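Below: one structure, written as structure tokens.
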Amino acid sequence: MIEITINDIPLKVEKGTTILHAAQANGIDIPTLCNHEGLTLDGNCRLCSVEIEDMGNKKIVASCMFPITRNISVETETERVRRARNTVLQLLVNRNPKAPIIQQLCAKYGVDREERFALEPDLCIRCGRCVRACEAGGTKAIELVGRGFDRHVAPPYELETDACIGCLSCATVCPTGKITYEETPGKRKIWYKEFDVLQCKRCGIYFATKEMLDWAGRPENDRDHCNHCQKYIESVKFLTESQKK
Amino acid sequence: MGEIDRIAEILHKHRQDPRYLLAILLDIQESENYISIEAMRTVAEHLGISESRVFAVVTFYRALSQKKKGRRIIRVCTGTACHLRGSAAVLQELEKQLAIKTGGVTEDGEYTLETVNCVGACALAPVVTSGENSFGRMGPSKAAELLAEGAFA
């Protein structure tokens, strides 16, 4: 265990814990955008910047990517941190003025938008959460493509791809709501591709696309029920069989 | 030999390892003057990486192109020094002579005209490069002359 302080609060943490984790576990608020607990670390949004003092040196680091390996003291609300964070927010709100989460963060930290560049308003902050989610699922159907102002998320060749299984992981983790999809009973459309969504024969919800079940390796003759009903049916079967014995 | 065979040969030349992705793509670009969707699919399958990864790399580098380029590429430097010394006029003249816009390909597929942000030869500004050659202290009439001579090889 390593002894550190965050905002002068003494804490003991496991070696290798990130500053962000240590802070969150102790109820200290650090704003984040690109960080997601289920995904690999990327540290690209820089919103979680904090100031640390490490062996006499003070510096700004991205708390989500900084593993604690020795005694450091962390400050989350110094003037330097505020400046760094507000610059990040100022740039984000300029390109993405309509993103609800960015509006909320700006309100929380008192950032007023000063118009900086004449760009088309967007919702995507290029945090790559969707790309990392797709990669974590193993499908790897989307990537950040292009560079500079043209950088955006797309499936290969900007066309529908066999790799996409229509699982909506990308849309689920998107912090700003940029990734949208169309969903009607039994149909789903995302990334230029249309999917059939299967309906559970017991509870009636539309629970998964055929491609998702293919990807999960669920046998073709075992696709009538959603996960919850499947569990229910199996447990009922188990109980009646054990009662017979 | 068709495109498929040439790409197969390029793949054979490199080790079958994802870190040779860029080297392979550069070779395909040089051989085919562009990278087709089929080429990207083949490379992804060969290296065992996702097509989205290959597509991301192809769209990231300016040296890689998804549109077929001309056999010869003329690059006009529009860096600060070249700009001040009149590279815009050189570019305009070449556009006129080739009857294409910057980034376009001539009808016969011979030339592509591009701009480049700096070639590191600012003392020779304005600079035009073509293949391995560079031409310094360029002016509109000199550029037109060199083009007519077929010097931009």
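Tallying residues that are within 10 Å of A:ILE190 (Cβ to Cβ) and touching a strand residue (DSSP E or B) at 6+ places or on another chain (Cβ under 7 Å) within the stretch A:146-164 yields 2. Screening the stretch A:150-202 for residues that are free of Cβ contacts under 8 Å to residues at least 60 places away in the same chain and at positive phi and picking the one that is farthest from the other protein chains (Cβ to nearest Cβ) gives A:GLY186.
Annotation: B:VAL76 fulfils all but one of (1) aliphatic (A, V, I, L, M); (2) within 24 Å of B:ALA144 (Cβ to Cβ); (3) out of contact with any strand residue (DSSP E or B) (no Cβ under 7 Å at 6 or more places or on another chain); the unmet one is (3). Which one is farthest from A:LYS140 (Cα to Cα) among residues in the stretch A:169-226 that are under 22 Å from the mean Cα position of the chain (by Cα) and among the small types (Gly, Ala, Ser)? This residue is A:GLY177. If you filter the stretch A:206-243 down to residues that are among the small types (Gly, Ala, Ser) and free of Cβ contacts under 8 Å to residues at least 12 places away in the same chain, you find that the one that is nearest to A:GLU194 (Cα to Cα) is A:ALA216. The residue pairs whose first member lies in the stretch B:133-146 and is touching a residue at least 12 places away in the same chain (Cβ under 8 Å), whose second member is of a type in the set (A, V, I, L, M) and in a strand (DSSP E or B), and whose beta carbons are closer than 6 Å, counting only pairs six or more residues apart or on different chains, are B:PHE135/B:VAL128; B:MET138/B:VAL128.
With a requirement of 2 or more residues that are more than 18 Å from the chain's Cα centre (by Cα) and within 14 Å of another protein chain (Cβ to nearest Cβ), the helices (runs of 4 or more DSSP H) lying completely within the stretch B:36-91 that satisfy it span B:37-47, B:51-60. Taking the stretch A:60-77 as the range and being more than 24 Å from the chain's Cα centre (by Cα) and over 21 Å from A:TYR109 (Cβ atoms) as the test, the residues that pass are A:THR69, A:ARG70, A:ASN71, A:ILE72, A:SER73.
Bear in mind that the values in this text are calculations on the coordinates, not laboratory data. Just so we're clear, the structure is a prediction, and the values are computed from it rather than from any experiment. Every residue, glycine as well, gets a Cβ built from its backbone with ideal geometry; the counts of neighbours run over all protein chains shown.
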